[in-house]
1. Give a residue-ordered list of calculated ³J(HN,Hα) values for the stretch 120-125 (Karplus: 6.51 cos²θ - 1.76 cosθ + 1.60, θ = phi - 60°; whole Hz; x for Gly, Pro).
2. Give, in whole angstrom and from largest to smallest, the semi-axes √(5λ) of the equivalent ellipsoid of the chain, with λ running over the eigenvalues of the Cα gyration tensor.
3. For the stretch 22-137, what does the accessible surface come to per residue with a 1.4 Å probe? Please give it in Å².
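The values are calculated or read from the model by the stated rules, or taken from the named source; none is laboratory data. What you see is a predicted model; the values in this text were computed from it and never measured. Heavy atoms of the whole protein, side chains included, go into the accessibility calculation; ligands, DNA and RNA do not. Shrake-Rupley method; radii C 1.70, N 1.55, O 1.52, S 1.80 Å.
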Amino acid sequence: MANTNPLETAPKEGRQVQPGYKILVAEDEESNFRYVEKLLKKAGFDLLRANNGLEAVEYVEFDSNINLILMDIKMPVMNGVEATREIKKMKPEIPIIATTAFAIPGDREVFLNAGCDDYIPKPIRAGELIDMILNHIA
Ligand SMILES: [Mg+2]
């Protein structure tokens, strides 16, 4: 059945978020970050925030405990596509989920070609995001 409440974070039946999963959220816009922070924390994930792509690359370089990255594409300093390429050179095993508003046809292919493992358009629906995350880390 479709999940109609965007803040409902319960994963599909039988799927559990294990404690200690750390997600790096690369997001330049405060309100977008607050929204994602709320739903990921509610689902039981630990969080780190990068304000742009370069910060995301630096976090990955120095923190060996990042399980997954949620990567906004449109960011200052270094965008999400460039940051994904850099991160995948260093640590290809970390799953990266790209996200963007105002997606245009073909975006998904661009992001996947850059090395992203998945793509979720904004506005992000909580249930969909949690299930997508679990698909990559479970
Ligand atoms: Mg942005």
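1. 10, x, 8, x, 6, 8
2. Details: eigenvalues 95, 58, 40 Å².
Over the Cα atoms of the chain, the ellipsoid semi-axes are 22, 17, 14 Å.
3. On the way: 5400 Å² over 116 residues.
In whole numbers, the stretch 22-137 has 47 Å² accessible per residue.
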